[in-house]
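Everything on this sheet refers to the single structure shown next.
The values are calculated or read from the model by the stated rules, or taken from the named source; none is laboratory data. Keep in mind that what you see is a predicted model, and the values were worked out from it rather than measured. A quick note on method: Cβ atoms are made from the backbone with ideal geometry, for glycine too, and the neighbour counts reach across all protein chains shown.
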Amino acid sequence: MLKGIIYVLIGAASYGVLATIVKLAYQEGFDVSEVTFSQYTIGFIVLWFLASVTKNRKSNKTESIANAKIKPIAKLVVAGTSLGFTGLFYYSAVQTIDVSICIVLLMQSVWMGVLLEVIIERELPNILKIIAVLLVFIGTVFATDVINNFETLDTIGLIWGILAAISYTVSLYTSNRVGLSLSNSLRSAWMMTGAWMVVAIFTLYKLDANFQWSVFYPWGVYLALFGTIIPPIFLNKGFPLTGIGVGSILISLEIPVSVGMAVWLLQEEVNVFQITGIALILLGILALNWTRVFGQRAI
């Protein structure tokens, strides 16, 4: 359990630094297409290298990529496209609004995930899920400080943030339900293939003489390391040891890490209302996973 907790916390903290790195890359003159293309290209190469040398635990042999069945591969590639859209939308939001607000918008995946389960599984949410959704809604109002900053918040940036949350919700829903017959390394590689295809298609128009290839180092390396290499490796190792409930609570460390990095490196200001809102969102995540961790005793 302790190892699992450490693995999940490393993966969550890694995700938390992403938006700040992107913001710093923008300050150096790079744009959305350049940072996303560099990140996903490097991630694509590294994950396929790892998949080609990683041994299957059951057979203790390197898993044959050629022997994998077409159907799960196709599902993984399609599911992976949501990862590419998440990167494009999220990094577009970071262009115009604060990192601390971007991470709050991304965490709308909490209630979106509940809604998606209701639609797909046709089962009404229990009382704890309803409480979780309400906490996230109220926390979002506080965390974005929308009441005091309504006129200054960039509408386009907010839309990008919500779109990122939608695609992130799809990623979370499909990641543990698709291609389970394959090893974690192959699953990550095929999903990254779908993500890279989306990013490549949306950045083709920029791959000309004006494309700044210098973005690959160091920014592409940093983003690939913290966004597409460390998280899947550590989360795939940690979640089986902690369980989904505890793991889902631990991964919310992404929020305070993201806000803390923005305050430290970008000098973004975070007031008491925003801190209160973030705390409410974290409470909502705890409520959502309460029964998974503590069972039905509290209901």
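Assorted remarks:
- For the stretch 276-288, filtering for residues that are within 15 Å of residue 113 (Cβ to Cβ) and either at pLDDT 90 or above or surrounded by 24 or more Cβ atoms within 10 Å (Cβ to Cβ) (or both) leaves 3.
- Yes/no for residue 185 being part of a loop (DSSP other than H, G, I, E, B) and small (Gly, Ala, Ser): no
- Evaluated against (1) touching a Phe, Trp or Tyr at 6+ places or on another chain (Cβ under 9 Å); (2) closer than 19 Å to residue 113 by Cα; (3) of a type outside the set (D, E, K, R), residue 173 falls short on exactly one condition, (1).
- Subset of the stretch 251-270 that is within 14 Å of the chain's Cα centre (by Cα) and of a type in the set (Val, Ile, Thr) - its residue that is surrounded by the fewest Cβ atoms within 10 Å (Cβ to Cβ): 257
- Leading residue by the ranking (surrounded by the fewest Cβ atoms within 10 Å (Cβ to Cβ)) among those in the stretch 231-250 that are at pLDDT 80 or above and hydrophobic (A, V, I, L, M, F, W, C): 241
- Of the numbered criteria (1) touching an Asp or Glu at 6+ places or on another chain (Cβ under 6 Å); (2) more than 28 Å from residue 140 (Cβ to Cβ); (3) of a type in the set (Phe, Trp, Tyr), the one residue 273 fails is (2).
- Whenever a residue of the stretch 117-137 is part of a loop (DSSP other than H, G, I, E, B), its partners that are polar (S, T, N, Q), lying with C-beta atoms within less than 8 angstrom and at least six residues away or across chains, give the pairs 126/291.
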